[in-house]
Structures are given as structure tokens and as C-alpha cells.
Amino acid sequence: MARIRVGILGATGTVGQRFVQLLDGHPQFIVTALAASERSREKPYEAACTWRLPGDMPVATRTLMVQAPEPPLDCDVVFSSLPAEMAGPVETRFAAAGYPVLSNSSSHRMDDAVPLLIPEVNAEHLTLLDACRGTGRGFIVTNPNCSTVMIALALAPLVAGFGVEAVAVTTLQALSGAGYPGVASLDITDNVIPFIAHEEEKIERETRKILGHLNGGRVTPADFAVSAQCHRVNVVDGHLAAVRVRLARPAEPAELGAAFAAFSGTPQALRLPSAPARPILVREEPDRPQPRLDRDAGRGMSVTVGRVARDTVLGHRFLVLGHNTIRGAAGAAILNAELLVAQGYLEPRR
Ligand SMILES: NC(=O)c1ccc[n+]([C@@H]2O[C@H](COP(=O)([O-])OP(=O)(O)OC[C@H]3O[C@@H](n4cnc5c(N)ncnc54)[C@H](OP(=O)(O)O)[C@@H]3O)[C@@H](O)[C@H]2O)c1
């Protein structure tokens, strides 16, 4: 099959650069269009973008001219990593113009017609797109907030195996989650900031949509409460979450560990190019997971669980860690796109 041509909106940013890096040499996708703010436009990518990832900017994108994030763009599908305040209407315009949109931003995640997708967890939610088939319109598929994705991934085997009645989460979130330049160094050095705008509400509502059930063409959210408290910490990449959970039936911590380790989903069955062999890795050491040591597990696409134990308040607790710009952002959107290809929702536009 000819490779599918990709346009990246917000291509010069923290997530946009991850897209460019992860799509370099991808077997199904090729980057053909880049868009960013007025500051970057009409310049080749290498002049518009200060490359901040390890390794060099991929050669194939260096000379692409940065354009405005408006249709038409020379591509078959759009990956969006625009700031939330402008992503909503821009993504709507691309979908209306016939483009499939894979979005990182929060603007459309809770829309009834929009799948909020983790391919290992709720691949069946893609059927929300069936209403668009044959209409000539495009569609929007979103990946979750960068903390929600790892929390929902870890909860999925517990929901399936034991039932979940309540969840309380405390996050310790990396600096790159705030984009570039993000939090001022004088604010975060020697400090923890106990506030990330809108983050707690996103984790609370997105987790329930992802783990919810399809019901008459929309998703009924999972019926357990989720409570989240979020903190920005002085770590470059890798969000850590301490999770307490009340299960519907008694279970030994070892049973939870076994359920995490055995968890697998559609991407693994289909051997999608970005799918990690194991979506959830379990560490037994008492001091893992740690951001520096565990964020790159499974090329940044696995989450790592550790410290699975009894909890005196809710019954069980554990830690989960994931790479926020890979599994939490660009890698998640690319895995979503690979699932769309495998299930016939995405192909080169004629
Ligand atoms: N960072 C993460 O870990 C993460 C994880 C999940 C989701 N997200 C979401 O992904 C999105 C991007 O986040 P980020 O961290 O990559 O942010 P970022 O580093 O600040 O990058 C923002 C990008 O958007 C472009 N942009 C800004 N204003 C624009 C405008 N008015 N018109 C067109 N383009 C504009 C910027 O272009 P210029 O360079 O030209 O200014 C840049 O390419 C946000 O919605 C964020 O919530 C981020």
C-alpha cells in the first residue's frame, strides 16, 4: 500500500517534534505537510523549529515549508498538537473539509461522536465513526490527556478482572507536559507546584469515558468515581501517578500484578507497528517505577506499574508511570492511526 500522507499541526512544538521523530521511517505514514503559528510560517522546518529532542531533526522534514493550520493541506490525514484554545475550531474545519483528524488536544475529547481512544482498552469505540462512512466528511479521533492514558491503561485489566468501584489518583507530572518553554525554571527549581490547570477534571471525566460502554451510538461513562490531584515536578519527561482503587471483589495484590502483566489488546493481536509487546510492565523492586529509569520502556509506549500493595483506605494501591510525549501524546495518536488503518477507517485520499 502507498504510504499515507500526514500533516502535522503544531509541528514545531513539544508534541509536534515527537510526531516528526516517531514518523521518520514509519512503514505506513509519510510526513508531507507541517503547520504552526504565524511566527514559523513561510520558513523551512529547519529554520522555524529549534529541535529539542535527542538526535538530529529527520532529514526528510528539514526543507518542508511551515504553513498555516488551515485546510487544504497536502496530506491524507492530520495529526493535531495545537494549543487547546485554538485546536477545537481548527480541527472541526479540517474534519468538515474531509480530513481524518488525530488529535492530542482536549477540545473534542468529550464530544459524543468522537472516540477517546486507547487501542488496547476501547478499540470498539471506533464504531462511533461509522456514522461518517460514505458521507465524504472527515472525522476526529482523540487520544487522552497524558496522565489519563496511563491511568486508564492500568485500570483496564482491573475493571475486566475484578470490577472497580472507586479510584483516587495523585499525579507527579513532568515539565515537558506543559509544552515549551513550559514552567519557568525559577518556579519549579527546588519546588513542586500543586496545580495544573484543568488537569484534575480531565483525568476524572476522560478515564470514565474511556472505560465506559457503547450504548446506542454513544458512550455511557463507567459508573465509578475518579478523584485526581495533580502536581508539576522537576522532571523532564515521564508522568508518575499514585493510584488507590476499591475493587468490586476481594483480591490478593499478586492477582492484580498478574492481571497487569497479562494485559494485552487489539494492537498486540494485530501487531501494529507502534504497539509495544506488553502495554503494562510490572516491576517488583520497592523503588520502581522511576521517571528516568522507566519512561522509555517499550520505546516509550509501555507503561510501568510497581508497588502493588494493599491499601488501608480503598483496598489496593499501585504506581503507574508513562512517557508523556510518547504514550501520552504523539505515540498514542500514531497508534490510534495505525488501528484506523487496520480497521479500514483510514487510507490514502484519492
Ligand atoms: N506536552 C505534552 O506532554 C502533551 C501531552 C498530551 C497532549 N498535549 C497537548 O498537545 C497540544 C500541544 O502541546 P505542546 O506541549 O506540544 O505545546 P507547545 O510545545 O507549546 O507547542 C505548541 C505548537 O502549536 C503552535 N501554535 C501555537 N499557537 C499557534 C497559533 N496561534 N496558530 C498556529 N499554531 C500555533 C506552535 O507553533 P510555533 O512554534 O510557531 O509557536 C507549536 O508548534 C496541547 O493541546 C497540549 O495540551 C501535550
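The values are calculated or read from the model by the stated rules, or taken from the named source; none is laboratory data. Owing to the predicted nature of the structure, the values given are computational and were not obtained by experimental measurement. Every residue, glycine among them, receives a Cβ derived from its backbone with ideal geometry; neighbour counts consider all protein chains shown. The accessibility values were calculated without ligands, DNA or RNA, using every heavy atom of the protein model including side chains. Shrake-Rupley method; radii C 1.70, N 1.55, O 1.52, S 1.80 Å.
Descriptive notes on the structure:
- Every Cα-Cα pair of segment 243-321 was included, and the share exceeding 20 Å stands at 37 percent.
- Among beta bridges identified by DSSP and lying wholly in the chain, the antiparallel ones come to about 45 percent.
- When peptides 160-170, 75-85 are sorted by average Cβ neighbour count within 10 Å, with the highest value leading, the order is 75-85, 160-170.
- A simple spin-label model places pseudo-atoms 7 Å from Cα toward Cβ; at residue 258 and residue 185 they are separated by 5.1 nm.
- Projected label distance in nm at residue 46 and residue 3, using a 7 Å step from Cα toward the beta-carbon: 1.8
- Binning all Cα-Cα separations of segment 1-160 at 5 Å, short to long from zero, yields these whole-percent fractions: 2, 9, 17, 20, 20, 16, 9, 5, 1, 0, 0.
- Packing here is the average count of other Cβ atoms within 10 Å per residue, and on that basis the peptides 128-139, 302-313, 277-288, highest first, run 302-313, 277-288, 128-139.
- Annotation: amide H-H contacts under 5 Å for residue 98 (H modelled 1.01 Å from N, sequence separation of 5 or more, or interchain): 138.
- In order along segment 291-306, the phi-based Karplus estimate (6.51 cos²θ - 1.76 cosθ + 1.60, θ = phi - 60°) of 3J(HN,Hα) comes to x, 5, 8, 10, 5, 8, 4, x, 6, x, 9, 8, 9, 10, 10, x Hz; Gly and Pro are listed as x.
- The Kirkwood radius of segment 93-158, taken over pairs of alpha-carbon atoms, gives through the Stokes-Einstein law at 10 °C and 1.306 mPa s a diffusion coefficient of 127 µm² s⁻¹.
- Fraction of C-alpha pairs exceeding 19 angstrom in segment 301-350: 53 percent, rounded to a whole number.
- Residue-normalised convex hull volume from the C-alpha trace of segment 138-218: 132 Å³ per residue.
- Phi-derived couplings, Karplus 6.51 cos²θ - 1.76 cosθ + 1.60 at θ = phi - 60°, listed residue by residue for segment 236-245: 6, 10, x, 8, 10, 10, 9, 10, 10, 9 Hz, with x used for Gly and Pro.
- Cα pair count fraction exceeding 28 Å, expressed as % - the chain: 39
- In order along segment 179-196, the phi-based Karplus estimate (6.51 cos²θ - 1.76 cosθ + 1.60, θ = phi - 60°) of 3J(HN,Hα) comes to x, 10, x, x, 7, 4, 4, 6, 7, 9, 5, 6, 7, 10, 10, x, 7, 9 Hz; Gly and Pro are listed as x.
- Think of a 1.4 Å ball rolled over the protein heavy atoms: the chain then has 42 Å² of accessible area per residue.
- The alpha carbons of segment 4-88 occupy a box of 30, 26, 22 Å along the principal axes, longest dimension given first.
- Globularity ratio of segment 146-323, using Cα Rg and 2.2 N^0.38 Å: 1.02
- Estimated from helical segments only, the mean residue ellipticity of the chain at 222 nm is -7500 deg cm²/dmol, where each DSSP H run of four or more residues counts as -39500 (n - 2.57).
- Overall, the accessible surface of segment 144-230 at a probe of 1.4 angstrom is composed of carbon and sulfur to the extent of 53 percent.
- Considering only segment 146-323, percent of DSSP beta bridges that pair antiparallel, nearest 5: 70
- Put a dot 7 Å past the Cα of residue 60, heading toward its Cβ, do the same for residue 218, and the two dots end up 4.1 nm apart.
- If R0 is taken as 30 Å, the Cβ-Cβ distance between residue 311 and residue 269 corresponds to a FRET efficiency of 0.35.
- Whole-angstrom gap from segment 80-141 to segment 294-333, using each part's C-alpha centre: 25
- Helix 199-210 axis versus longest C-alpha principal axis of the chain: approximately 90°, rounded to the nearest ten.
- FRET E, pair residue 92, residue 37, Förster distance 30 Å, beta-carbon r, rounded to 0.05: 0.95
- Added length on full extension, which subtracts the Cα-Cα distance from 0.36 nm per residue, residue 231 to residue 198: 10.7 nm
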